[in-house]
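Worksheet: the structure to be examined is printed underneath.
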Amino acid sequence: MNAPLDLLFGLDRMLARTHEDVAESVLPHLSGSLRVVDRPLVTARLRQLCRELDVTADLAGPAELGPALDTARAYARRALSLTGEGTGRADHDLARQCVAELVDQLDLARTNVLEVLGDHGFGSRGPRWTGWAGPAASRAEVIAFSRLAATCAVALLPAGSRAEYAELFLSELHELASSRSGRWAQVRYACRVLVRTPRLRRALG
């Protein structure tokens with residue numbers, strides 16, 4: 001396992017947020033208590049989720065985290081197909097089962113990340129050392145280079161996705177700033193974001 005620890009902590013946070021997002025913004029709209037499913041809302045959210053899972057899986061690849069994310073993507077695409085093309089209650093019920101399985105697979109993927117972190121002696125709240133990256137930054141101290149790199153990355157994305165990813169990138173930088181991993185963790189994260197932006201742009205269409 002050669003994946004950088006800050007990448008693993010970032011995956012932990014991303015998977016936790018995605019899990020919460022799916023549970024709060026998709027499952028309630030496929031509930032059996034609803035007479036009519038808001039198909040445009042559900043399909044739009046599932047389509048966005050598929051893109052997010054593609055990007056997350058690209059990040060998780062170097063960490064060798066097993067098949068959970070691939071399985072989650074398969075369930076997400078199956079649910080998208082059912083809600084996008086199916087009109088019957090049975091289709092919606094099956095889509096809901098797929099999304100429930102998706103939530104379980106996100107849990108499993110996050111468990112895999114936490115196990116790897118545990119093997120390195122860390123918990124999910126961040127490392128308890130400063131390491132070679134230097135002194136830890138304060139909670140509010142996102143260094144100028146990292147902020148600039150993230151801003152440039154956001155500017156390269158499609159206009160409709162910029163606000164969402166600006167919030168995501170800045171949130172990650174603030175979490176790194178408040179951790180004990182040091183300023184270089186911010187620099188590494190910002191550089192990764194900038195390098196991978198062309199691929200993310202293609203995925204977002």
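The values are calculated or read from the model by the stated rules, or taken from the named source; none is laboratory data. Quick caveat, the model's predicted, so the values are computed rather than measured. All Cβ positions, even for glycine, are placed from backbone atoms using ideal geometry, and neighbour counts span all protein chains on display. Just so you know, the surface numbers come from the protein's heavy atoms only, side chains and all, with ligands and any DNA or RNA stripped out. Shrake-Rupley method; radii C 1.70, N 1.55, O 1.52, S 1.80 Å.
Name the single residue that is farthest from the chain's Cα centre (by Cα) among those in region 152-176 being under 15 Å from GLN186 (Cβ atoms) and charged (D, E, K, R).
GLU175
Can you name the residue in region 85-141 that is at pLDDT below 55 and in a helix (DSSP H, G or I) and is also most open to solvent (accessible area, probe 1.4 Å) among such residues?
Going through the qualifying residues, I end up with TRP132.
Go through region 161-194 and give me each residue that's surrounded by 19 or more Cβ atoms within 10 Å (Cβ to Cβ) and aromatic (Phe, Trp, Tyr).
TYR165, PHE169, TYR189
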